[in-house]
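Take a look at the structure set out below.
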Amino acid sequence: PRTPNPPAGAVLDYLLPSPAKSVVLEVFDAEGALIHRQTSDAAPPRVEAEQYFADRWLKAPGPLPTAPGHHRVVWNLRVPRPPAVAYDYSIAAVPDADTPAVPQGLLALPGKYTVKLTVDGQLKHAALDVVMDPRVKTPLADLQTQHAFAAEIAKALAAAVSLHEEAAAMDKRVAT
């Protein structure tokens, strides 16, 4: 039970022959929409959620490495998370690994993606095929419908979060 599982997602490797000042990794879908971005400038942002467990269950993601040598990054195959008034930690936790905050973004649809790596202004790109788990028999059209519905929910959530923030600002003004 303590043996680490393989990385969950797309394993992306890059090799730097010398130190880099800037590394940017981006993933685009088939329509050219940016769905994932990591940089060497800053660690991916964490959403605030009440931590009810020991630090051992969190492993904050760091910025992309810029040192010479081989580096491995794992994209979790998720599109950006929807906005929410509050986030919680999932119970799907593994010691010495990161515990995800929910809600998370949906898993990316099966299809063709482009990974772009920019190192000190020099761009390299590679194709990435995301394939369906062969044990899952859900038709692609159903997954696309699910993603479209999730986009509608994300818009509604964004509106609710905006209204919540406006109400909180009004409360502060009224209190003063």
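Multiplying the residue separation of Val74 and Asp142 by 0.36 nm and removing their Cα-Cα distance gives an extension gain of 21.8 nm. With the highest mean first, a sort of the peptides 156-163, 49-56 on other beta-carbon atoms found within 10 angstrom per residue produces 156-163, 49-56. Within straight-line reach of Lys21, meaning a Cα separation under 17 Å, sit the following aspartates and glutamates at least 8 residues removed in sequence or on another chain: Asp41, Asp120. Exposure check, 1.4 Å probe, all protein chains in place: Glu166 carries approximately 100 Å² of accessible surface.
For the chain, the Cβ-based charge dipole about the Cα centre amounts to some 320 debye (Lys, Arg positive; Asp, Glu negative; other atoms uncharged).
Phi angles of the stretch 137-144 translate, via the Karplus equation with coefficients 6.51, -1.76, 1.60 and θ = phi - 60°, into HN-Hα couplings of 10, 5, x, 4, 4, 5, 5, 5 Hz per residue; Gly and Pro are given as x.
Couplings 3J(HN,Hα) for the stretch 55-64, derived from phi with the Karplus relation 6.51 cos²θ - 1.76 cosθ + 1.60 (θ = phi - 60°), are 4, 4, 8, 10, 9, 4, x, x, x, 5 Hz, where x marks Gly and Pro.
Summarising the label geometry, the points placed 7 Å from Cα in the beta-carbon direction at Glu152 and Thr118 lie 3.6 nm from one another. Over all Cα atoms in the stretch 104-176, the spread is summed up by Rg and Dmax: 20.1, 59 Å.
Using a simple spin-label model with pseudo-atoms 7 Å out from Cα toward Cβ, Glu31 and Ala49 lie 2.8 nm apart. If you model the chain as an ellipsoid using its alpha carbon gyration tensor, with each semi-axis the square root of five times an eigenvalue, the axes come out at 30, 23, 20 Å, biggest first. Amide hydrogen proximity for Val94: with H placed 1.01 Å from N in the peptide plane, no residue at 5 or more positions away or on another chain lies under 5 Å.
The values are calculated or read from the model by the stated rules, or taken from the named source; none is laboratory data. Quick caveat, the model's predicted, so the values are computed rather than measured. Every residue, glycine as well, gets a Cβ built from its backbone with ideal geometry; the counts of neighbours run over all protein chains shown. Areas reflect the complete protein model, heavy atoms only, side chains present, ligands, DNA and RNA absent. Shrake-Rupley method; radii C 1.70, N 1.55, O 1.52, S 1.80 Å.
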